[in-house]
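Contents: one structure, followed by commentary.
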Amino acid sequence: MKNRKGLPKYTIPVVFLVLFEAIAITLWLLKDNIFYLMNFSYIGICLALGLMLFVAGKGYARHFVQLAIGSYMLIYLGIICHENMQIEGFWYYLFTGAFEAATIHYAVAKIFGPLVFGRGWCSYACWTTMVLDFLPYKRPMTPRHEKLGYLRYLMFVLSLTLVSSLFLMKVANMEDVMFWLFLLGNALYYISGIALAFIFKDNRAFCKYLCPVTVFLKPMSYFSLIRIHCDESKCINCKKCLRVCPMDVEVNKESRKRKNATECILCCECTKSCPTKALH
């Protein structure tokens, strides 16, 4: 079975599986640690299965991937293995000069990965939005508050300042400190994320205004290989896509310079709502 571009139906899921297997094998061989083989193989399999479910028209496909990957990172890597997978963990490993755990995670998923799959992380793997997406405001009920977006940069600077200060003060037992920061940070993310969702009637308010990780994701996703395309010749300007987009992206335009272009999380709600199949 072929899609509109003449490619086999499950091409993209297979490509993602091969890509993550290549990363898994490369890191396993470079680091001589089988954990990386198991870790990235698991993530690749989950993504491929989720994409296959999406292609098959299953409405739960994205939530399946979110729960499979998000809970794995939060519970297994974070709580059981004591790896701080938040941005503070990235700064910690970066300052110690170790290409391990959070450093590799950020390099693959949030710094260089967005050149391929944009902000897909936000929609398919983030353990914060894994919970927030089950709240009642899947479609924004209020206009976007553009100026509040600067808060993410403040959060970014505060996280860097916090970890820098811990190193400058030569705090003892940094591994334990980072673990407790992971627990505290996640608690604050969930509390603020849920509060913002109900205040602004928007499940994704946290992503738009507070999440510091988007400082990495946004500039790289501008050049993303995988993105939502719009065939403007087929568009009838019904604006159904604009109403369902959780990130207020001007998806009825093809240009990479469309409004909020780097906010697209590839959830594909717009493609499902388009009556003329102009979006793909």
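The values are calculated or read from the model by the stated rules, or taken from the named source; none is laboratory data. Remember, it's a predicted structure, so these values are computed and weren't measured experimentally. Quick reminder, even Gly has a Cβ in these numbers, built from the backbone with ideal geometry, and neighbours come from all protein chains shown.
Only one of these is within 28 Å of Leu49 (Cβ to Cβ) and either at pLDDT 95 or above or out of contact with any strand residue (DSSP E or B) (no Cβ under 7 Å at 6 or more places or on another chain) (or both): Phe99, Phe64, Phe95. Name it. Give the steps one after another, and end with the answer.
Values: Phe99 fails: within 28 Å of Leu49 (Cβ to Cβ); Phe95 fails: within 28 Å of Leu49 (Cβ to Cβ).
Of Phe99, Phe64, Phe95, the one residue that is within 28 Å of Leu49 (Cβ to Cβ) and either at pLDDT 95 or above or out of contact with any strand residue (DSSP E or B) (no Cβ under 7 Å at 6 or more places or on another chain) (or both) is Phe64.
Take the residues in region 139-150 that are surrounded by 15 or more Cβ atoms within 10 Å (Cβ to Cβ) and either touching a helix residue (DSSP H, G or I) at 6+ places or on another chain (Cβ under 7 Å) or among the charged types (D, E, K, R) (or both), then tell me which one is farthest from Lys259 (Cα to Cα). Lay out the reasoning, then the answer.
Of the residues in region 139-150, the ones surrounded by 15 or more Cβ atoms within 10 Å (Cβ to Cβ) are 140, 144, 149.
Pick out the ones that are also either touching a helix residue (DSSP H, G or I) at 6+ places or on another chain (Cβ under 7 Å) or among the charged types (D, E, K, R) (or both) and you get 144, 149.
Working: Arg144: 12, Gly149: 14 Å.
Per the criteria, the residue is Gly149.
Run down Met220, Met141 and say which single residue is outside any helix (DSSP H, G or I), hydrophobic (A, V, I, L, M, F, W, C), more than 18 Å from Cys268 (Cα to Cα) and out of contact with any Cys (no Cβ under 9 Å at 6 or more places or on another chain).
Details: Met220 fails: outside any helix (DSSP H, G or I).
Just one listed residue meets the conditions, Met141.
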- Query: How many residues does region 56-82 hold that are free of Cβ contacts under 8 Å to residues at least 60 places away in the same chain, surrounded by 16 or more Cβ atoms within 10 Å (Cβ to Cβ) and not aliphatic (A, V, I, L, M)?
  - Reply: 2
- Task: Inspect all residues belonging to region 190-198 and state whether any of them is at pLDDT below 95, aliphatic (A, V, I, L, M) and surrounded by 18 or more Cβ atoms within 10 Å (Cβ to Cβ).
- Result: no
- Out of curiosity, is Cys264 touching a Leu at 6+ places or on another chain (Cβ under 9 Å) and either of a type in the set (S, T, N, Q) or not assigned by TED's automatic domain parsing to the domain that holds Lys110 (or both)? no
- Item | Every residue from region 159-182 that is loosely packed, with under 12 Cβ neighbours inside 10 Å, of a type in the set (A, V, I, L, M) and part of a helix (DSSP H, G or I) | Leu168
- Output for Cβ contacts, cut-off 8 Å, separation at least six or different chains, first residue more than 20 Å from Cys126 (Cα to Cα) in region 31-52, second of a type outside the set (Lys, Arg) and assigned to a helix (DSSP H, G or I), reads Asn33/Leu27; Ile34/Trp28; Leu37/Ala24; Leu37/Ile25; Leu37/Leu27; Leu37/Trp28
- Which residues, taken from region 228-254, are in contact with a helix residue (DSSP H, G or I) (Cβ under 8 Å, 6 or more places away or on another chain) and part of a loop (DSSP other than H, G, I, E, B)? Ile228, Cys245, Pro246, Met247, Asp248, Val249, Glu250, Val251, Asn252
- Message: Report every pair of residues separated by at least 6 positions or lying on different chains whose Cβ atoms are under 8 Å apart, first residue within region 90-115 and in the same structural domain as Ser165 (by TED's automatic domain parsing), second part of a loop (DSSP other than H, G, I, E, B) and surrounded by fewer than 19 Cβ atoms within 10 Å (Cβ to Cβ).
- Response: Tyr93/Phe99; Tyr93/Glu100; Leu115/Phe223; Leu115/Leu225
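Being assigned by TED's automatic domain parsing to the domain that holds Ser123 and of a type outside the set (Val, Ile, Thr) is true for just one of Lys234, Lys201. Which residue is that?
Numbers: Lys234 fails: assigned by TED's automatic domain parsing to the domain that holds Ser123.
Exactly one residue qualifies, and that residue is Lys201.
Return a yes/no flag: does region 71-90 have any residue that is in contact with a Pro (Cβ under 8 Å, 6 or more places away or on another chain) and among the hydrophobic types (A, V, I, L, M, F, W, C).
We begin by selecting, within region 71-90, every residue in contact with a Pro (Cβ under 8 Å, 6 or more places away or on another chain); these are 87.
Subset that is among the hydrophobic types (A, V, I, L, M, F, W, C): 87.
Yes, the conditions are met somewhere in region 71-90.
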- Query: Could you say whether any residue in region 248-260 is within 19 Å of the chain's Cα centre (by Cα) and among the hydroxyl-bearing types (Ser, Thr, Tyr)?
  - Reply: no
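Under the condition of being touching a Gly at 6+ places or on another chain (Cβ under 7 Å) and assigned to a helix (DSSP H, G or I), which residue from region 123-138 is nearest to Ile228 (Cα to Cα)? Walk me through it before giving the result.
Residues of region 123-138 touching a Gly at 6+ places or on another chain (Cβ under 7 Å): 124-128, 130, 132.
Restricting the remaining residues to those that are assigned to a helix (DSSP H, G or I) gives 124, 130, 132.
Values: Tyr124: 16, Met130: 22, Leu132: 23 Å.
Taking the candidates together, the pick is Tyr124.
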